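Right, one structure below, let's go through it.
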Amino acid sequence: MWLHKQRGVALPLSVMLVLVLSLLGTALWQYSMTDALHASRHEKSTQAYYIARSGAGALAEYIVGDPDNVEDMRVFVDSLINEESEPTTLGNGTFVLNLERNPNNESEIIIRSRGEVDGVASTVYLTLAEDIAPLSPTPLELFFQYAIYSFTDLTLGGNVKIYNYSDSSWGDVGAGQSIIVKGHGRGIGDKDEGVDLDLIPVNFPDDLEYRGDLEIAGGSHTIDSDGHYGSIKLTGGATLNLATGGQDNNLVIRAGSFEMSGNNTQVKVTGGGQVFFYVDDLYKHTSGTVNPWGTDGSGAAGPTPSQFILLGPKTVDFGGNATFVGYIYSFEETQGFGVAGTPNIYGAVIFGYGTDFGNATVYYVDPQDEGNLPIGELPGGDGNVSYTTGTWR
């Protein structure tokens, strides 16, 4: 009886089974295709990753190894910062490179490389550590071999006198080009022309606290810490004390311009250390004395020019009966060294273009002959830069 009633069920059941099998087959086919697509995409993503890694690695290897002996690798690297390269073909895909400095660490370079294969991309990052070795300070005697040296031409007035302070013999002068002597020029030792001292540029400090303009008209003022001034002007018998705080200490001062006048006006160096006095533009000294000896408590019987190093002025103007005890070093972008009157300079001078010494008297003090202080040094700037590979991510 039951079999008789089930006689019409077989056909729908068969149709249902066929439908189920069909749907199962479609699902299996779709799953298979999706899996294949995923496998293909994963393969392309892997290829893109290794292409990106190869691009970043190649650039890092070039920067670290410097096979072309790039003159200044840091300048080269800085030229690439925030610049994106053109797509470069490698294998089945391409890569694009970009460099940036880590905003939280200026000495870290981040190389970003984006690889792409058939629209599938992968990005990697590689860091480089940048190390800048400071130059060793340069001994004064390396450059101050002459009482006066001009990077180009040197003009001397007929009444100029140049002595070696140690024995009062005539002092020598040198020039990168020619030496012109007006008049008899009897007060000069050797005149060496065509001399190249291989000078180094002045490295102006840019991290000093800015203190505005300083003007002293009479009275006394003391500077006992490093600082940057817009201008410094001394008149009317004023005294500016530069307190180094000890024989092993340096005081670093930078001024846009410096002017000094008045017979009793003075700049004293105290404490026994050295003063590195940077001037951007004009140094004008018409009277008064810079760094008079024996006023620092040391009881020095003679000039101590290594206590005061004047660095970088574009223009120097000496006049009247000014007295300067120190070393003057400037040769880049200079506009002129002028002398009016009969100033006295104890130390040595290196200057650049338009050097005219008029009728000055220069007492050359060889840095090697100074026994009251260690040999002075010119502060060095940034030295050689090197890079090392950091981490991947």
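The values are calculated or read from the model by the stated rules, or taken from the named source; none is laboratory data. A quick note: this is a predicted structure, and the numbers were derived from the prediction, not measured. Note: ideal-geometry Cβ built from the backbone for every residue, glycine included; neighbour counts use all protein chains shown. SASA here: full protein model, heavy atoms, side chains in, ligands and nucleic acids out. Shrake-Rupley method; radii C 1.70, N 1.55, O 1.52, S 1.80 Å.
Within the accessible area of region 213-307, what % is carbon and sulfur when the probe is 1.4 Å and the other protein chains stay in place?
Heavy-atom surface of region 213-307 belonging to carbon and sulfur, 1.4 Å probe: 39 percent.
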Checklist line | Global geometry of region 89-216, whether rounded, prolate or oblate, following the gyration tensor of its Cα atoms and the 1.5 cut on a/c | finding: prolate
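Sequence gap at least 6, Cα distance under 8 Å: using those rules, report the relative contact order of region 197-323 to the nearest whole percent.
Numbers: 346 pairs, mean separation 26.0, N = 127.
Relative CO of region 197-323 lands at 20 percent.
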Item checked: Spin-label model distance (nm) - Asp167 vs Thr88, 7 Å beyond Cα toward Cβ -> 6.4
Check: In what sequence, highest mean first, do 240-247, 193-200 appear when ranked by Cβ atoms within 10 angstrom?
Finding: 240-247, 193-200
Margin query: If you count only protein heavy atoms and use a 1.4 Å probe, how large is the accessible surface of His228, to the nearest 10 Å²?
Written below: 50
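Please sort 150-158, 341-349 by packing, taking for each peptide the average over its residues of neighbouring beta carbons within 10 angstrom, highest first.
On the way: 150-158: 20.4, 341-349: 22.9.
Answer by packing, highest mean first, reads 341-349, 150-158.
How high is the relative contact order of region 136-286, given as a whole-number percent (alpha carbon pairs under 8 Å, six or more residues apart)?
Values: 344 pairs, mean separation 22.9, N = 151.
Over region 136-286, the number comes to 15 percent.
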Margin query: Could you check the spin-label model distance between Glu193 and Ala133? Points 7 Å from the Cα along Cα→Cβ, value in nm.
Written below: 4.1
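Order the peptides 163-174, 307-318, 77-88 from the highest to the lowest mean number of other Cβ atoms within 10 Å of their residues. Mind showing how you got there, number by number?
Details: 163-174: 16.8, 307-318: 22.7, 77-88: 12.5.
So the order, starting with the most tightly packed, is 307-318, 163-174, 77-88.
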Next item on the list: For Thr286, tell me the accessible area in Å² from a 1.4 Å probe, rounded to the nearest 10.
Entry: 50
Item checked: Label-to-label distance, nm, for residues given as Ser79 and Asp206 (7 Å Cα→Cβ offset) -> 1.9
